[in-house]
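Remarks on the structure that follows.
The values are calculated or read from the model by the stated rules, or taken from the named source; none is laboratory data. Here the structure is a predicted model, which is why all the values come from computation and not from measurement. Reconstructed Cβ throughout: ideal geometry from the backbone, glycine too, with neighbour counts over all protein chains shown.
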């Protein structure tokens with residue numbers, strides 16, 4: 001499942017996620033499941049046909065990521081591996097940053113972070129401008145819709161409907177997600 005909330009320069013993408021790292025760092029062993037949220041650059045493309053043609057939309061590189069994850073072998077809802085990545089190097093995330101408030105109240109925490117889009121962009125090392133400010137304002141207006149999507153996906157993951165292991169039995173490596 002993928003939700004996309006697009007503004008002028010940035011978008012917020014939210015998806016369920018099931019992942020097994022074949023070469024995990026300590027503490028990341030075993031499968032993880034949950035919800036991934038990313039702030040990414042976006043751009044509307046030129047029409048490829050008539051005025052009625054579908055418009056291409058480019059979803060570009062990530063700026064910031066929150067992973068509302070838990071050990072898939074444990075009980076649903078622990079969020080014992082919830083973290084965020086405040087910096088990316090191109091497409092690669094920086095180190096995992098853990099915040100106890102993220103695990104304690106993930107939807108509120110994510111809402112607070114997204115409420116400061118300009119700060120997220122600056123901390124990621126990118127320049128802000130009037131378009132960033134306009135996106136930040138519109139994103140704040142859409143926070144109830146975005147947090148509702150996060151809450152819905154978390155509920156469906158905890159119910160076992162989403163972020164499930166791939167069919168075919170145990171795997172040494174897997175990534176089931178749009179993000």
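Whether any residue in region 55-62 is buried (at least 19 other Cβ atoms within 10 Å of the Cβ) and either within 17 Å of the chain's Cα centre (by Cα) or modelled with pLDDT of 95 or more (or both) is what I want to check. Within region 55-62, one or more residues are buried (at least 19 other Cβ atoms within 10 Å of the Cβ) and either within 17 Å of the chain's Cα centre (by Cα) or modelled with pLDDT of 95 or more (or both). Counting only residues that are at positive phi, in contact (Cβ under 8 Å) with a residue 24 or more places away in the chain and touching a strand residue (DSSP E or B) at 6+ places or on another chain (Cβ under 6 Å), give me the strands (runs of 3 or more DSSP E) lying completely in region 1-56 with at least 2 of them. So the answer is none; nothing clears 2.
Residues considered: 151, 156, 123, 96. Of these, the only one that is surrounded by 13 or more Cβ atoms within 10 Å (Cβ to Cβ), over 18 Å from residue 42 (Cα atoms), at pLDDT 95 or above and in contact with a strand residue (DSSP E or B) (Cβ under 9 Å, 6 or more places away or on another chain) is 156. Number of residues in region 68-94 that are free of Cβ contacts under 8 Å to residues at least 60 places away in the same chain and either at positive phi or more than 15 Å from the chain's Cα centre (by Cα) (or both): the value is 9. In region 107-119, the residues that are farther than 15 Å from residue 68 by Cα reach residues that are surrounded by fewer than 19 Cβ atoms within 10 Å (Cβ to Cβ) and at pLDDT 95 or above with C-beta atoms within less than 7 angstrom, at least six apart or across chains, in these pairs: 115/140; 115/143; 118/133.
Taking region 67-179 as the region of interest, the helices (runs of 4 or more DSSP H) fully inside it that hold 2 or more residues being under 22 Å from residue 5 (Cβ atoms) and in contact with a helix residue (DSSP H, G or I) (Cβ under 6 Å, 6 or more places away or on another chain) are 106-114, 117-123, 130-158.
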